[in-house]
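The values are calculated or read from the model by the stated rules, or taken from the named source; none is laboratory data. These numbers come from a predicted model, not from an experiment. We place every Cβ from the backbone using ideal geometry, glycine too, and count neighbours over all the protein chains shown.
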Amino acid sequence: MVGKGLHKKERKGATVTEPAWVRWLLISVALAFLALFLVLPLAAVFAQALEKGWEAYLAALKEPDTISAIRLTLITAAVCVPLNLFFGIVAAWAIAKFSFPGKSFLITLIDLPFSVSPVVSGLIYVLIFGLQGWLGPWLQEHDIKIIFAVPGIILATIFVTFPFIARELIPLMESQGREEEEAALTLGANGLQTFLRVTFPNIKWGILYGVILCNARAMGEFGAVSVVSGHVRGSTNTIPLQVEILYNEYSYAAAFAVASLLALLALVTLAVKTVSEWKMQQTISAAETER
């Protein structure tokens with residue numbers, strides 16, 4: 001015990017033995033890096049978007065093609081996020097609360113979109129649902145269009161976003177343990193009541209965090225959507241694709257005006273992420289204290 005106490009004191013002392021100039025140098029480098037690669041690009045986006053004034057900015061956002069892109073982006077997010085929320089909760093519950101054959105394989109599958117390029121995932125859907133794909137002839141025969149249409153965009157977006165909520169909830173649920181749920185079931189609560197009254201209050205901030213990240217990725221996805229959309233102006237262009245088109249047409253002010261919507265989304269995501277992370281840490285700490 002004495003040895004452990006001395007060891008802890010040595011470790012604690014070691015964290016404050018660096019010279020002050022070293023600490024300030026490291027802090028300055030970190031702040032400079034953030035300013036150069038995060039703050040400056042965001043500031044440049046808004047500066048370029050407002051270069052021609054508010055009237056030009058609002059006019060760019062009111063363009064029919066831009067409104068169509070915003071609408072399609074919102075529809076895609078409105079479909080993908082609830083589906084991923086359902087999958088994330090179910091997958092996290094199964095992985096954190098039960099042991100079953102294939103559990104490690106399921107975790108690997110959840111992580112798959114992190115290791116596969118979005119462009120490759122879009123090509124996979126083209127190979128499956130495209131005219132020359134495996135299901136292409138059957139879909140064409142029944143007049144069902146997936147590739148170069150809204151369903152293809154939704155499918156590709158679901159693929160690249162489904163790990164976010166599950167990956168946030170799995171460690172949170174594992175840290176909670178199963179004691180509270182088992183106690184509730186022993187007292188006569190059914191599965192739904194146990195989830196709503198015991199599990200959900202402990203994971204609500206993790207759910208919010210995952211939903212925010214999932215929504216941000218769904219609205220900002222470019223690679224996979226670019227492959228399956230066909231770039232049909234006013235029909236299958238999302239906000240990122242609309243930005244690309246405007247930029248390639250040398251409509252720089254309009255391109256940055258539309259891009260500023262994604263920048264605003266990033267700032268909102270960052271703010272909510274900070275709050276939810278703080279709440280999640282409090283929840284985890286409270287659970288560890290009780291145990």
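Is the range 232-241 home to any residue that is closer than 19 Å to LEU123 by Cα and small (Gly, Ala, Ser)? Can you show your working first?
Taking the range 232-241 first, the residues closer than 19 Å to LEU123 by Cα are 232, 236-238, 240-241.
Keeping just the survivors that are small (Gly, Ala, Ser) gives none.
No, the conditions are met nowhere in the range 232-241.
Working only within the range 32-73, note down all residues that are at pLDDT 90 or above and acidic (Asp, Glu).
GLU55, GLU63, ASP65 - these are the residues of the range 32-73 that are at pLDDT 90 or above and acidic (Asp, Glu).
Report every pair of residues separated by at least 6 positions or lying on different chains whose Cβ atoms are under 6 Å apart, first residue within the range 140-153 and in the same structural domain as THR76 (by TED's automatic domain parsing) and part of a loop (DSSP other than H, G, I, E, B), second crowded, with 21+ Cβ neighbours inside 10 Å and not hydrophobic (A, V, I, L, M, F, W, C).
ILE146/GLY152
Here are some conditions: (1) within 23 Å of PRO151 (Cβ to Cβ); (2) free of Cβ contacts under 8 Å to residues at least 12 places away in the same chain. GLN281 meets all but one. Which one does it not meet?
Of (1) within 23 Å of PRO151 (Cβ to Cβ); (2) free of Cβ contacts under 8 Å to residues at least 12 places away in the same chain, only one is false for GLN281: (1).
Being touching a residue at least 40 places away in the same chain (Cβ under 8 Å) and either farther than 26 Å from ALA257 by Cα or outside the structural domain of VAL243 (by TED's automatic domain parsing) (or both) is the requirement here; does LEU38 meet it?
Details: touching a residue at least 40 places away in the same chain (Cβ under 8 Å): no; either farther than 26 Å from ALA257 by Cα or outside the structural domain of VAL243 (by TED's automatic domain parsing) (or both): yes.
Answer is no for this residue.
Is it fair to say ARG178 is basic (Lys, Arg) and buried (at least 20 other Cβ atoms within 10 Å of the Cβ)?
Values: basic (Lys, Arg): yes; buried (at least 20 other Cβ atoms within 10 Å of the Cβ): no.
For ARG178, the condition - basic (Lys, Arg) and buried (at least 20 other Cβ atoms within 10 Å of the Cβ) - is not met.
Can you name every residue in the range 246-260 that is surrounded by 18 or more Cβ atoms within 10 Å (Cβ to Cβ) and farther than 13 Å from ALA47 by Cα?
LEU246
Take SER251 and decide whether it is in the same structural domain as GLY206 (by TED's automatic domain parsing) and modelled with pLDDT of 80 or more.
Details: in the same structural domain as GLY206 (by TED's automatic domain parsing): yes; modelled with pLDDT of 80 or more: yes.
The answer is yes for SER251.
Return the total of residues in the range 158-171 being surrounded by 22 or more Cβ atoms within 10 Å (Cβ to Cβ) and either under 18 Å from PHE200 (Cβ atoms) or at pLDDT below 85 (or both).
4
Going by the conditions given, is PRO82 loosely packed, with under 13 Cβ neighbours inside 10 Å, within 16 Å of MET219 (Cα to Cα) and assigned by TED's automatic domain parsing to the domain that holds TRP205? Steps first, answer last, please.
Details: loosely packed, with under 13 Cβ neighbours inside 10 Å: yes; within 16 Å of MET219 (Cα to Cα): yes; assigned by TED's automatic domain parsing to the domain that holds TRP205: yes.
When the stated conditions are applied, PRO82 passes them.
Of all residues in the range 221-239, which are hydrophobic (A, V, I, L, M, F, W, C) and touching a Ser or Thr at 6+ places or on another chain (Cβ under 6 Å)? Talk me through it step by step, then tell me what you get.
Here is the first cut: in the range 221-239, the residues hydrophobic (A, V, I, L, M, F, W, C) are 222, 224-225, 227-228, 232, 239.
The answer is ALA224, VAL225, ILE239.
Say we look at the range 194-239 and pick out the residues that are assigned to a helix (DSSP H, G or I) and of a type in the set (Lys, Arg); which of these is surrounded by the fewest Cβ atoms within 10 Å (Cβ to Cβ)?
At the first step, the residues of the range 194-239 found to be assigned to a helix (DSSP H, G or I) are 194-220, 223-229, 239.
Imposing the further condition that a residue be of a type in the set (Lys, Arg) reduces the set to 197, 204, 217.
Values: ARG197: 12, LYS204: 14, ARG217: 21.
Residue satisfying both the conditions and the ranking: ARG197.
Can you tell me how many residues within the range 181-193 are of a type in the set (A, V, I, L, M, F, W, C), surrounded by fewer than 11 Cβ atoms within 10 Å (Cβ to Cβ) and either in contact (Cβ under 8 Å) with a residue 60 or more places away in the chain or not in a loop (DSSP other than H, G, I, E, B) (or both)?
Filtering the range 181-193 down to residues of a type in the set (A, V, I, L, M, F, W, C) leaves 183-185, 187, 189, 192.
From what's left, surrounded by fewer than 11 Cβ atoms within 10 Å (Cβ to Cβ): 187, 192.
Retained after the next criterion (residues that are either in contact (Cβ under 8 Å) with a residue 60 or more places away in the chain or not in a loop (DSSP other than H, G, I, E, B) (or both)): 192.
Final tally of qualifying residues: 1.
Of everything in the range 190-231, what is closer than 30 Å to LEU127 by Cβ and among the charged types (D, E, K, R)? Give them in sequence order.
Of the residues in the range 190-231, the ones closer than 30 Å to LEU127 by Cβ are 210, 213-231.
Residues satisfying the conditions are ARG217, GLU221.
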